[in-house]
Every structure is written in structure tokens, then in C-alpha cells.
Amino acid sequence: VTQAKPRLSLVVPAFNEAAGLPELARRLCALDAVIDRETVLIDDGSSDGTWEAIVEIARADQRTRGLGLARNSGSQRALLAGIAHARGDAIVTLDADLQHPPELIPKMIEAWRGGAEIVEMERENDAVDGALRGMLTPAFYALFNWISPLPLSPRSTDFRLIDRRCVAPLVAQTRAGLVRTLVQRLARPTATLRFAVPPRFAGRSRYDLPLLLRTATHALAAAALPLDGGAPIPIVRTVGEGLP
Ligand code: UDP
Ligand code: MG
């Protein structure tokens, strides 16, 4: 039996990822055999020519759309901005550094077609870079899980599929800390798959210590309070077409 190709939005936050984006774009285009695709690239206030790289990709590929945020806001807000503007019947969010292999997306689609509205990709290996982060990460999870009624797995990532039906309640919550927590609060049918995290394609982690601490503090505050609502995240630049 042949099924129609699903309409999918591939949403990628990018902070100073100019070096790796062309390779990512190529790997995403390779999925055109199995999906009706748009690629939504969000420039999270980069200073390395990421926006220019996005413009170039969008010029060469009609199915790529670029969105630019006014300033660096962290990947969680960049993801929510991208999800809000995606047009597909499902959205797959993935990192720009190819640590979330696009080749696994057909498996995620299979789980979605099996009835899951959320498909979470959990890491098999502990992909933690650096001694300091290696020490801080378990402390963060211990504290988070002590405060939060919804447990956060140390294996969780931002590689996930989100059904169209889950988008509106998600993007109305721009003050919340982690997309993972927002998704959990929806309590929709969820499938969880495991994957091995490959090394970063270019550069090193964009999470330096200040950004890591800011993100962790925000996540902990949102777990404790929980922070509801919030204004839509403003987009200051757009380029390209994407899905109609
Ligand atoms: N990212 C972002 N804004 C930031 C930091 C990171 O949009 O302020 C993006 C980054 O470009 C990548 C993803 O979020 O696509 C995950 O970042 P990174 O790979 O640096 O994190 P790690 O894998 O070390 O957790
Ligand atoms: Mg990474």
C-alpha cells in the first residue's frame, strides 16, 4: 500500500551555526523522497553570518523558510517561535548541529501514524561535553525533579515530533521554561524512541556557562511556579516560502 507523503515542518533553532547549516539543509532535503517538507530555520540572534547562510539556503530551496529573532533568547524560545510559524500537519524539531540525525525522522513518522501525537527522542548515551557541565547536569536534574510534579528525564532532548493538534496550546505558553515540560503538561498520547547522539558537526556547544545557568534558572522557576501565558515571540526578519 502506498500512503500519501505527510506534510512535515522541520523546525531548527540556530545560534551561530553558519558553518554547519548548508550540510544540515542537504541532509533535510534528502527526506523529500518520503515527506512533503518545509524547513523552518530560526536565527536566534546570531552574530556569525547565520542569517546570511539561511538566506542563501532559502534562495536555493523553495521549501526553506527563515525567521529571525531580535536578540539571542535561548533555544527554547527559538523553538516555540518556529513551532508557532510552522504549517505542517506535524512538526519535527531538531538541533542545527546534526546531533539529531534527520535519517531517524521516518521512524518518528511511523510512531505518529501509529497514533502518537508526541514522539520523544531520548538519548542512549550520555552526550555531555565538558567536566563542568558533566557536574552541573545531574545537579540540575536532581533539583528540577525535586521541585517539579512532572519528572524530567536526563535523557530527554529537543528532538521530537509534535502533531498539529498540539501546537496551539504549546505556543500560547511562551513564558514557560522548557518545551519538554510544556509538552508533558499537554498529556497527549506519546511514543518514546531511543537514539545514539553523534558528535557535533561543527563548532562546540552554544551553551556557555552563563546561558546554561540562565536556561536552568528559567526552567526551575517555571517548574516551581508554573508560569502561564506570555506574549508571542516577535519575528524581526523572514525569508523564503516553505509549505503553502
Ligand atoms: N541554540 C539556540 N540558541 C541558543 C543556544 C543554542 O537557538 O542560545 C541552538 C543551537 O544552535 C542548536 C540547539 O540550540 O541548534 C542546541 O544547542 P547546542 O547544540 O549548542 O546544545 P547542546 O547540544 O550542547 O546541548
Ligand atoms: Mg548540540
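The table that follows gives values for the structure above.
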read-out	value
Only one of L193, L243 that is touching a strand residue (DSSP E or B) at 6+ places or on another chain (Cβ under 7 Å), assigned to a strand (DSSP E or B) and more than 22 Å from E17 (Cα to Cα)	L193
Cross-chain or 6+ apart pairs with Cβ under 7 Å, region 196-213 first and farther than 18 Å from E124 by Cα, then open to solvent by less than 60 Å² (accessible area, probe 1.4 Å) and more than 10 Å from ligand 1 (Cβ to nearest atom)	F201/E23
For I42: the one exception among (1) without any contact (Cβ under 8 Å) to a residue 60 or more places away in the chain; (2) under 21 Å from R206 (Cβ atoms); (3) in contact with a strand residue (DSSP E or B) (Cβ under 9 Å, 6 or more places away or on another chain); (4) part of a helix (DSSP H, G or I)	(4)
Members of region 95-111 that are touching a strand residue (DSSP E or B) at 6+ places or on another chain (Cβ under 6 Å) and either within 15 Å of ligand 1 (Cβ to nearest atom) or over 25 Å from R200 (Cα atoms) (or both)	A96, A111
Residue in region 114-142 that is most open to solvent (accessible area, probe 1.4 Å), counting only those that are without any contact (Cβ under 8 Å) to a residue 60 or more places away in the chain and part of a helix (DSSP H, G or I)	M135
Residue in region 100-113 that is more than 19 Å from I35 (Cα to Cα) and open to solvent by less than 10 Å² (accessible area, probe 1.4 Å) present	no
So T174, is it touching a Gly at 6+ places or on another chain (Cβ under 9 Å), surrounded by 17 or more Cβ atoms within 10 Å (Cβ to Cβ), of a type in the set (S, T, Y) and modelled with pLDDT under 95	yes
Those residues of region 1-39 which are assigned to a strand (DSSP E or B), basic (K, R) and open to solvent by 10 Å² or more (accessible area, probe 1.4 Å), in sequence order	R7
Which numbered condition N72 misses (of (1) surrounded by fewer than 24 Cβ atoms within 10 Å (Cβ to Cβ); (2) assigned to a helix (DSSP H, G or I))	(2)
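Conditions tested, residue by residue: (1) within 24 Å of L80 (Cβ to Cβ); (2) within 17 Å of the chain's Cα centre (by Cα).
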position: V119; (1), (2): yes, yes
position: N125; (1), (2): no, no
position: Y141; (1), (2): yes, no
position: L150; (1), (2): yes, no
position: D158; (1), (2): yes, yes
position: V167; (1), (2): yes, yes
position: Q184; (1), (2): yes, yes
position: L209; (1), (2): yes, no
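The values are calculated or read from the model by the stated rules, or taken from the named source; none is laboratory data. Remember, it's a predicted structure, so these values are computed and weren't measured experimentally. In this analysis, Cβ positions are derived from the backbone assuming ideal geometry, glycine residues included, and neighbour counts consider all displayed protein chains. Keep in mind that these areas ignore ligands, DNA and RNA; they rest on the heavy atoms of the full protein, side chains included. Shrake-Rupley method; radii C 1.70, N 1.55, O 1.52, S 1.80 Å.
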